[in-house]
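Below is one structure; the comments refer to it alone.
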Amino acid sequence: MQTELSNTLGAEYAVFGFTPFPAVAAAISRAGGFGVLGAVRYTAPDELKRDLDWVAAHTDGMPYGLDVVMPAKKVEGVSEADVEAMIPEGHRQFVRDTLARYGVPGLAEGEASGWRITGWMEQVARNQLDVAFDYPIRLLANALGSPPADVVARAHERDVLVAALAGSARHAVKHKEGGIDIVVAQGYEAGGHTGEIASMVLTPEVVDAVDPLPVLAAGGIGSGRQVAAALALGAQGVWLGSLWLTTTEAGLPSPKLVEKLLAAGSGDTVRSRALTGKPARQLRTEWTDAWDDPAGPGALPMPLQGLLVAEAVSRIQKYEVEPLLGTPVGQIVGRMTSERSVQAVFDDLTRGFERAVDRINRIAGRSGT
Ligand SMILES: Cc1cc2nc3c(=O)[nH]c(=O)nc-3n(C[C@H](O)[C@H](O)[C@H](O)COP(=O)(O)O)c2cc1C
């Protein structure tokens, strides 16, 4: 599982792991993959600094990266309060009514909402970068669009490669024109924001469209067989997000959510605008059903929806209100059936990859690997 790209970055395996959890990011890099810490939830620069210090101290010198969310459509010169003021009262009432119907308790007075995603606001992401560039990150990834030219230039000055997620060949070509180094082709099956094209179709399309830029295949990968398939489609590596959620290092604070993830089948996710206002794949719950119901008010566009539901999501998570409890996760959730360490996941990926390659070699009439 080595490619030119994993060699360039100094990782043993061409397995890139996106995760919001520092302990998982570090464990991925230690296991021979390339851990990428998601920064979107860090609104306070010193929190990001604290966690990057921790990652730097726990990667045993192995390479790692950071993922920020800079949407292509910029929200400039607008404060969080301005955005809050744009939320219609009817939508606020819908949130209150839905929470009341399920008896979801409020947060204690003064208790801040833990799930407050403002990292998609360009200024917040830029503050994150000011912190991150002081660390020896090897890769900067951007979700939701091409990173601005000055950010790409800043990264390149520091010898940091830039990746961007794309759900279509058209977006991938735009990224390439923006001067990035790696495209992450994110298929429909993936957890989080996704387009409408499945990985099996998307990966080779993007590989051909941006050639010779390296492409990482994302979406629906959870086994060595699938890694082998992605490399056969022309990818220079794989980018996994969902699989890490049920690793022991992730330590999700909600045991009920872990149970739900372990019990979920591949058909138990939905691509819904309920969480951020843009279609994002997540566990299907009565919360996503309420937002997707044509009889309801429907989700607001990004960034309004994220602000509207932030406190509600925190309450649902804190009190583990089972019917409403969810998380972004992809269709591979159907294969996430036990809690395992990151190292155990890697052992499984490498064994499965070797078996898949042996099988293909047998089919091709060659012996051994
Ligand atoms: C819980 C969760 C949160 C995610 N958040 C982000 C994010 O903030 N930025 C990003 O670039 N991708 C995000 N993603 C997408 C992942 O980077 C990755 O592309 C995706 O999970 C790959 O597909 P898979 O879920 O089938 O492994 C997230 C995915 C999950 C499961």
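Structure values in brief
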quantity: Whichever residue in segment 212-255 is in contact with a helix residue (DSSP H, G or I) (Cβ under 6 Å, 6 or more places away or on another chain), in contact (Cβ under 8 Å) with a residue 40 or more places away in the chain and away from the ligand (no atom under 15 Å from the Cβ) and, among such residues, is nearest to G33 (Cα to Cα); calculated: Q236
quantity: Options D97, D46, D53; residue that is over 24 Å from the mean Cα position of the chain (by Cα), modelled with pLDDT of 90 or more, more than 16 Å from the ligand (Cβ to nearest atom) and charged (D, E, K, R); calculated: D97
quantity: Failed condition for A125, given (1) hydrophobic (A, V, I, L, M, F, W, C); (2) modelled with pLDDT of 95 or more; (3) surrounded by 19 or more Cβ atoms within 10 Å (Cβ to Cβ); (4) within 26 Å of the chain's Cα centre (by Cα); calculated: (2)
quantity: Residue list for segment 324-368, filter: part of a loop (DSSP other than H, G, I, E, B) and not hydrophobic (A, V, I, L, M, F, W, C); calculated: G326, T327, G330, T337, S338, E339, S341, G365, R366, S367, G368
quantity: Residue tally, condition more than 14 Å from the ligand (Cβ to nearest atom) and either within 22 Å of V270 (Cβ to Cβ) or charged (D, E, K, R) (or both), over segment 151-207; calculated: 13
quantity: Those residues of segment 128-158 which are under 19 Å from V184 (Cα atoms), modelled with pLDDT of 95 or more and surrounded by fewer than 17 Cβ atoms within 10 Å (Cβ to Cβ), in sequence order; calculated: H156
quantity: Any helices (runs of 4 or more DSSP H) falling wholly within segment 15-91 and containing at least 2 residues that are within 22 Å of K278 (Cα to Cα); calculated: 80-85
quantity: Residues that are in contact with a strand residue (DSSP E or B) (Cβ under 7 Å, 6 or more places away or on another chain) and either away from the ligand (no atom under 15 Å from the Cβ) or at positive phi (or both), drawn from segment 341-357; calculated: S341
quantity: Residue among A11, A31, A39, A25 that alone is within 17 Å of F346 (Cα to Cα) and either of a type in the set (F, W, Y) or within 17 Å of the chain's Cα centre (by Cα) (or both); calculated: A25
quantity: Which numbered condition A264 misses (of (1) surrounded by fewer than 22 Cβ atoms within 10 Å (Cβ to Cβ); (2) among the hydrophobic types (A, V, I, L, M, F, W, C); (3) away from the ligand (no atom under 15 Å from the Cβ)); calculated: (3)
quantity: Residue pairs meeting the criteria (Cβ under 9 Å; at least 6 apart or on separate chains; first in contact (Cβ under 8 Å) with a residue 24 or more places away in the chain, in segment 162-183; second of a type in the set (D, E) and surrounded by fewer than 17 Cβ atoms within 10 Å (Cβ to Cβ)); calculated: G167/E196; S168/E196; A169/D208
quantity: Scan of segment 9-21 for residues that are in contact (Cβ under 8 Å) with a residue 24 or more places away in the chain, surrounded by fewer than 24 Cβ atoms within 10 Å (Cβ to Cβ) and closer than 21 Å to L165 by Cβ, ordered by number; calculated: L9, Y13, F21
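The values are calculated or read from the model by the stated rules, or taken from the named source; none is laboratory data. Remember, it's a predicted structure, so these values are computed and weren't measured experimentally. A quick note on method: Cβ atoms are made from the backbone with ideal geometry, for glycine too, and the neighbour counts reach across all protein chains shown.
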